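A short reminder: the numbers here are calculations on the coordinates, not readings from a lab. What you see is a predicted model; the values in this text were computed from it and never measured. So basically every Cβ, Gly included, is an ideal-geometry build from the backbone, and we count neighbours across all protein chains shown.
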Amino acid sequence: MNQYEAMFLFDPTFGASFENCEAEIRRLMTRAEAEILLCQRWDERRLAYKIKGRKRGVYVLVFFKAPSDKITPLERDAQLSEQILRLLVLRADGLTLEMMQQAAAARAEISESERGEGDNYGDRGPSRNRYPDSRDRGAVETEYAAAKRRKSPPKQADEAVSETEAKVVE
């Protein structure tokens with residue numbers, strides 16, 4: 001039996017109670033003949049994009065031992081479950097129980113605004129507005145875009161056309 005790490009992403013209405021999540025995980029692990037080593041709820045977070053129509057999700061980290069041929073059916077069962085939005089399973093051979101507990105506790109304990117709940121913050125840190133004013137956008141406008149706005153071909157295109165016309169005339 002190999003050792004695995006799984007990150008479950010649950011529907012937030014279902015995942016509001018960790019007991020519901022734990023029961024669903026135990027049901028899936030029983031079907032996969034797996035032994036759960038550690039199961040811990042991480043956090044409810046806003047998602048970068050909608051998954052199955054949900055903007056938020058509850059993350060649960062699970063370390064378990066299972067036969068390698070049971071992982072594919074486990075992933076299929078998770079896809080069929082309406083409560084699980086996503087599942088990622090990775091091999092975690094060589095991890096001790098202490099290392100698993102450290103990994104489970106390693107989630108960032110940061111405030112709501114820094115986690116993506118505020119207007120200017122996301123999972124990648126504070127956002128920068130590259131074009132705070134529409135006048136700044138003109139500074140990076142390409143020659144082609146400027147010509148298109150003027151409804152005339154760009155300068156390089158004029159030269160290229162005149163060269164091809166010269167070759168045709170010859």
| Charge dipole (segment 18-59, unit charges on Cβ, about Cα centre) - positive-most of 28, 57, 18 | 57
| request: Round to the nearest 0.05 the FRET efficiency obtained for residue 76 and residue 55 when R0 = 25 Å and r is the Cβ-Cβ distance. | output: 0.45
| Sequence-distant residues sharing a close amide H with residue 2 (under 5 Å, placed H) | 66, 68
| query | Hey, quick one: spin label on residue 17, modelled 7 Å out along Cα-Cβ, who in segment 55-94 has an amide N within reach, i.e. under 20 Å? | reply | 57-61, 81-85
| field | Sparse-neighbourhood loop sites, trypsin sites (Lys or Arg not before Pro) in segment 26-96 - DSSP loop, at most 12 other Cβ within 10 angstrom | value | 52
| task | Take the Cα radius of gyration of segment 1-74 and divide it by 2.2 N^0.38 Å, with N its residue count; two decimals is plenty. | result | 1.14
